[in-house]
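Novice: One structure is given below, represented as C-alpha cells, and several questions about it will come after.
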Amino acid sequence: MHVLSDEVSPNEEVMLTSLKSNDPSWRRSMAQKMSRAAQPPLESKWWIRIWEALRPQLLPVSVALASAVIVGWIAFHFFLSHPHQGPAAPLALIASAYTEHRTLELRIPGASNAPIRVERGTSGSNLDKPEDLLRAEALIGEGLHKNPDDTTLLDAKARADLLDNNYEAAIKSLQRALETESNSAPLKIDLATAYFLRAEKTGRDGDYHSADEYLGEVLATTPDNSVALFNRAVVAERIYLYGAAEEDWKKFLQIETDPGWLSEGKHRYELLQQRIQKQEQNNSRASPIRDPASALSALRSHAINPNDKTWPLPLDEAYLDTALTEWLPTVASHRQLAEKKSSTEWAALNALSDILRTQHGDEWLSDLLKGPHSSAWADGALELSAAAQANAQGDMDAVIAHATRSMKQFQLARNDAGEVGARYEYFTGSNQSQLEDRCMSIGSSGLQGVHRHHYAWFETQILFVVSDCYFFKGNTEQAMLYAAHAVALADQARYAVLQLWGQYYLDGVQTPWVASPDSWARISAGLREFSQGWYPPVNGYVFCVDMGHAAESREMWQLAEAAAKEAVRMSSGIARTYEAFAHHWLARVAEAANDTKLAEIEYEKASELFSGLGTREARALLLESEIDRASLEVKQKKFEAAGARLERVKAGLSSGNYDYAYVVSHWASLGELHLRTGKLQLAETELLEAVRLIEKNEDSLSSEADILTWQRETAGVYRALLEIYSENYRDGAKSFGFLEWYRGEPLWLVVRSRRQPGVPSIAQGKSSSGLTSVFAPREYALKPGDAVITWASLPNGLAVWLLDSNGVHFSWVNVSAASLLATVTRFTRLCADPSSDPNAIDRDAHQLYDWLVRPVETNLKGSARLLVEPDESLTFIPFQALKAPDGRYLGDLLPMVESPGLAYSQILRPATAVSAHNAILAVGNPLLTDPDLTEFTPLPEANLEAHDVAAKFDHRHLLTGTDATLTKVKEMLPQVEIFHFAGHALSGNHGSGLILAPEAGNADEAGLLGETQLRGLELANLKLVVLSACETAVSNEGLVDPSNLARVFMRAGVPDVVASKWRVDSQASSDLMHDFYTHLLQGQAASNALKEAEHDLRSKPETSHPYYWAAFSIFGG
C-alpha cells in the first residue's frame, strides 16, 4: 500500500502540471458549471438574496475553493490508479503504447506481445500516436527539464524515440544514461534495439553487430533475461549466426511465461529451423560423390545438361579437390597405361576435365591427364596428391616435402600442368610455415608457370597467396591489387567457391581485421551468400573468423564469442585442423569475455585435438594453447596448476625448434605468475627475458601495421614490468625511464624500417644484454621552463610522473582502472556535447584534476609549458578543460602540448616563430560531389576561414571548392611552411584523412589526404600544420595509430600540429582559428597562441561550453 503524503514530490508535481485541471481557464469554466448546477429551481429565499448580493465579492474565493477540490479529487483518483508514479511511470505508458501500436520487431522490457504493424508511408502528426505515448512524452519532457541526467527518464525518452523511429536520438540518450549506469540491463537492451533499428533503416550492417554485443553483455550477467534472449536471437539471424540464434531460441522457449511472446518465439524458432535445414541441405549438395562410378554418371549427366539448376555451381570445384586427393592417386598407382585408361577413376577424371574446360575455360586437368604417362608422371601425381592431402590436414612440412618431389618428377615428365599444381602446393606450404622470406620469389615463379596456360583454378589461388605475401610484408596496395586480380579471374572462370573466397580476401587486405562499415558489410554479404547458396562449410567458416577478428579489434568480446561458436559448429564438417583452431580461438575470446567456464572447456578440447594431429604445426599450437590456459589459471589464482602446466610447456619447447613467439609467451606467462604470487625479482628476470627476445626479433617488422600489431601484442609484457617498477618498487626514475623507452620503441622501428625525408637520423644503443638501453630522464633535453606529465593506468591504481629540471617526481593514486575509464569516457562525451549539463562537466573536471594533476601540482609551480603524454585510456581527454580546486581551468594555468612520448623530441624539428613572411597553403571547403559523401554538407564558414587565414600571410596559396584536389595539395605541400586545412575529415573506423575535391573528370570520387598519400612527400619545410576539421586527432589506436593524422605529420618532423578530438562547430572553429593566428603573428609560440585563443572564445557566453573551445590541442614536443 502506498501512503499519500501531504507534500507533493517533484515527480508528482510534474504529473499534476500535465493535467487539464491545472489550466486556470479550465478551472474557471468548471467552477461556473458547478455553481450553476448547485442553484435551486424554486423561489429565492432570504439567504439566497444575501448570497446574490455577496456573490461578486465571494466568487473568486468560491472558484479557488472549487478548483482546489477538483484538483485534489483528480490527483487522488490518479494516484490510486497509478500507484507507481515517478520516473518509472513513463516506462509503463510506453510499454502500453508499444503493445497498442507495435512497430518494432525487437521487444522493449515490460511490454506485452502484439502483432507488428507494417504501415505504408509515415505520418508526422502527433494525433496519430497512441494516447499513452503522448502522455509519456509530456511526463518525460517535464521530468528531464528538472533532472536532465535521470537515467530512468533518459531510458524512457529513448524508448519513446524508438517508437517514433528516431534511433539517433535514442542512441544519444542511452549512451548518456550508460555513462552513469554502465551495467544497466534495460539500457543496454534498448541501446541494442536502437542500433538494430538504425541498421534496418540505413543498411549499416555494423549496427547489427553492435546490437548483438550489447545484448550479449546483458546475457553474460543475467542469462535468463527473456527480453534479451528474444532480441539477440532476432539479431543473430540478421548477421547469419544461425547456431547462436538457435541456442537463444531454445533457451527462450524454456523460460518465457508470457503466452503471446512464447507463441511468437515458437513461430520464429520453427522458421529458423527451416533455414538451418535448408543450409545443411545446400552444404550437402555441394559435396561431391566420392565413389568414382556413381560420380562418373553424375558428371556425364552434368556435361550433357550444363544449365541444370539442381547442380550447384560450386560442385565443380569440390569434384576437382576429390579428383586430386582420391582419384588421381588410384590412377597413378596403375603403372600400365592400359590399366589407367580402363579404370573408373580415369573415366571420372576425364569427365571432370571436360566440364572444367567447357564450362570454366580451365584446361589444367585436361593437360595433366595428357601425359606422357611415364613413371615420372605417376610418381609426380602420387606426390601431388599427397601434398594436397597434407595441406588439408595442416601439415606444412609434409606439404613442402611432397610438393618438392612432385615438382621434380613433373619436370622430368615434362608436364607443365603437374608442375603448376605442385608449385601451388609448395607455395601454400611455404607461406604458412616459416618461410615467409621466400614467399615472394616462390609466388613469382608459380605465376610465371601458370601465365602460359589457361589454368584459372590454380592461377586464382596463387594470386590469393601472393596477396597474402604482400599483405604480411606491409604492402597493402600490392596485396589489394593481386586480390582484386584473383577475384576478377574467379568471376571470369565462374568458380563460385573462389569468388566467395575473394570477398574474404578483399575484406582482409582492404580493412585488415578492422571493424569498418565496409568490412562489416562484406562480412554480412559473404555469410548471406553462404547461407543462401550451395557452398562447402569452409566458406562460411572463414567469414565467421573474419567477423570474430573484426569484433576483437573493437573489443566486442560477446560478439567475438558468438562468431567463434559458429566457427566451431562449421569446423566439424571441414578438417580437424580447422576444428582444433576454432576451439582454441573460442577459448581465447571466451576468456576475454570473462566466460571462464567455457574457456576452460574449450582449452581442453583444443589441446586434445592438437595432440591428436601429430604435425609440427599442431605441436606448436598445442604449446600455445597450454600457455594460454596457464595464463587463465593465473587470473583464476590457480597458481599451482599454472606453474605445473608451464613446466610441461618448457619441456615441450626444449624438444623442438619453435618460433620465438612461443618462447616469449612462455617467459611472459612465467613472469605474470610470479608477479601475482609476490616473487618480484623472479618475475622481473623472466619478463626482461621476454623483452630481450622481443627486441632481438624486432628487425623482422617491415611495416607500420606490423609495428602496431607488435605493440598491441607485447603491451602486456612491458606493462607488467612497469607495474613492478612503479607500484611495487616505487622507483619513479626507473619506471619513468622504462615507460619512455617502451613508448619510443614503435618510433625507432618505423624510422629504421622506412627513412622519412627530412627526418633526423636516430641513434639508439643496445646494452650488453641485448636490450635497448633504458633512457635515464636526464638524457632528455627539456627546454627551459618545460615540464612533462604522464600516467599509466595499472590494475591496482594510477601511476603519475612529472619530469622537470629537478628530475622525476612520482606519485601513486588509488583509483581503479575501471573507475578512471568510466569518468574519462563520461567527461569526454560531456565536453563533446554542446547540450550537456555544465555542472556535470565541472564535477568530472575537478575529479580528473584530482587524480591526474593534483598529486604533482606543487612541482608545476614555475613551469612555463606543460607537455602531456596521455596513457592509452586518457587519449581523448581535453586536458585544458580540467579544473583546479580554485575553479581555474588547467588550460589557463599553462600552455600545453600533447605528445606520444619524449622520443619524438629527437625527430621533431625545432619550433621557430611564425611570421607573416612564411609561405602558407590554406585549403578551405573542398567541393564534394561524391555520391557516397552526401552526409558532408558544404561549410561556408570553412571557406571564409581559409580566406581569412591566407590573407594574414604575404606568400599564400589558397585552394577552395573544385581547386582543392589531392593532386594540387600534394604538389604545393613541399613548398610551404604552414599548412592550414578547413573542411571535412574522416576518422576512426572509416579510415583517417582530409577529404578533398575530386580530380577533374572524376566527379564521383573525392580525394583523401591520409597517411598513404603523405608517405614519401618532402615535408621538411613545414613548421606548423593546422587541421581545422572534425576529429583530426582521432583514430582507432589513438596517437600510436600509423594512420593518425597528427602522428603522421609529427613523424615527418613537424614541430607543431593543431588537431581536434571531436566533431567541431564550424563557426566556433573559424572564430578560434582567427584568434589563434592573431596571437601567433604577434610572436607567441603555437601553444601560447592556442591557449589565448581558447580563453578568448570561452569568454563569450554563447561559446563558454567546452564543446566550442576545448576540441583542439597542440601535438608536438
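Novice: Regarding region 289-304, can at least one residue be identified that is under 33 Å from the mean Cα position of the chain (by Cα) and either surrounded by 15 or more Cβ atoms within 10 Å (Cβ to Cβ) or outside any helix (DSSP H, G or I) (or both)?
Specialist: Checked against the condition, which is being under 33 Å from the mean Cα position of the chain (by Cα) and either surrounded by 15 or more Cβ atoms within 10 Å (Cβ to Cβ) or outside any helix (DSSP H, G or I) (or both), region 289-304 yields no hits at all.
Novice: Can you tell me which residue among TYR470, TYR504 is within 28 Å of the chain's Cα centre (by Cα) and buried (at least 21 other Cβ atoms within 10 Å of the Cβ)?
Specialist: Matching residue, one of TYR470, TYR504: TYR470.
Novice: With respect to ILE907, is the statement that it is touching a His at 6+ places or on another chain (Cβ under 9 Å), buried (at least 19 other Cβ atoms within 10 Å of the Cβ) and touching a residue at least 12 places away in the same chain (Cβ under 8 Å) true?
Specialist: Criteria not met by ILE907.
Novice: Then there's this: Among the residues of region 328-344, which ones are surrounded by fewer than 16 Cβ atoms within 10 Å (Cβ to Cβ) and more than 15 Å from GLY371 (Cβ to Cβ)?
Specialist: Answer for region 328-344, where residues must be surrounded by fewer than 16 Cβ atoms within 10 Å (Cβ to Cβ) and more than 15 Å from GLY371 (Cβ to Cβ): SER333, SER342.
Novice: Can you give me the number of residues within region 873-917 that are within 28 Å of LEU1022 (Cβ to Cβ) and assigned to a helix (DSSP H, G or I)?
Specialist: Count: 9.
Novice: Got at least one residue in region 207-225 being in contact with a Lys or Arg (Cβ under 6 Å, 6 or more places away or on another chain) and without any contact (Cβ under 8 Å) to a residue 24 or more places away in the chain?
Specialist: yes
Novice: I'm checking my understanding of the structure. Among residues of region 540-573 that are part of a helix (DSSP H, G or I) and in contact with a Pro (Cβ under 8 Å, 6 or more places away or on another chain), which one is farthest from GLN281 (Cα to Cα)?
Specialist: Looking at the filtered set, the residue picked out is SER571.
Novice: Still on this structure, I have one more. So, in region 1051-1099, how many residues would count as being acidic (Asp, Glu), in a loop (DSSP other than H, G, I, E, B) and out of contact with any Ser or Thr (no Cβ under 9 Å at 6 or more places or on another chain)?
Specialist: The number of residues fulfilling the criteria is 0.
Novice: Further question: For residues in region 449-467 being of a type in the set (A, V, I, L, M, F, W, C) and more than 14 Å from ARG423 (Cβ to Cβ), which is farthest from the chain's Cα centre (by Cα)? Even if it seems obvious, please write down each step before you answer.
Specialist: We begin by selecting, within region 449-467, every residue of a type in the set (A, V, I, L, M, F, W, C); these are 450, 456-458, 462-466.
Imposing the further condition that a residue be more than 14 Å from ARG423 (Cβ to Cβ) reduces the set to 456, 464.
On the way: ALA456: 36, PHE464: 26 Å.
Result: ALA456.
Novice: From the list ILE627, ILE574, ILE601, pick out the single residue that is farther than 28 Å from ASN391 by Cβ and touching a helix residue (DSSP H, G or I) at 6+ places or on another chain (Cβ under 9 Å).
Specialist: ILE601
Novice: Taking region 762-808 as the search range and keeping residues that are at pLDDT below 90 and among the charged types (D, E, K, R), which one is farthest from GLU869 (Cα to Cα)?
Specialist: Top of the filtered list is LYS766.
Novice: While we're here: Of all residues in region 633-677, how many are over 24 Å from ASP595 (Cβ atoms) and outside any helix (DSSP H, G or I)?
Specialist: Going through region 633-677 one residue at a time, the tally reaches 6.
Novice: Residues in region 681-701: is at least one outside the structural domain of ILE724 (by TED's automatic domain parsing), part of a loop (DSSP other than H, G, I, E, B) and not small (Gly, Ala, Ser)?
Specialist: Taking every residue of region 681-701 in turn, none turns out to be outside the structural domain of ILE724 (by TED's automatic domain parsing), part of a loop (DSSP other than H, G, I, E, B) and not small (Gly, Ala, Ser).
Novice: Hey, among the residues in region 237-265 that are closer than 24 Å to SER112 by Cβ and crowded, with 24+ Cβ neighbours inside 10 Å, which one's farthest from the chain's Cα centre (by Cα)?
Specialist: PHE252
Every residue, every condition in (1) outside the structural domain of LEU821 (by TED's automatic domain parsing); (2) of a type outside the set (Asp, Glu); (3) modelled with pLDDT of 95 or more, yes or no:
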residue: GLY121; (1), (2), (3): yes, yes, no
residue: ALA138; (1), (2), (3): yes, yes, no
residue: GLU142; (1), (2), (3): yes, no, no
residue: ASN147; (1), (2), (3): yes, yes, no
residue: ALA160; (1), (2), (3): yes, yes, yes
residue: LEU178; (1), (2), (3): yes, yes, no
residue: LEU187; (1), (2), (3): yes, yes, yes
residue: LEU197; (1), (2), (3): yes, yes, yes
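Novice: What number of residues in region 876-915 are within 36 Å of the chain's Cα centre (by Cα) and under 22 Å from PRO838 (Cα atoms)?
Specialist: Here the count works out to 13.
The values are calculated or read from the model by the stated rules, or taken from the named source; none is laboratory data. This structure is a prediction, so every number in the text was calculated from the model and none was measured. All Cβ positions, glycine included, derive from the backbone under ideal geometry; neighbour counts span all protein chains shown.
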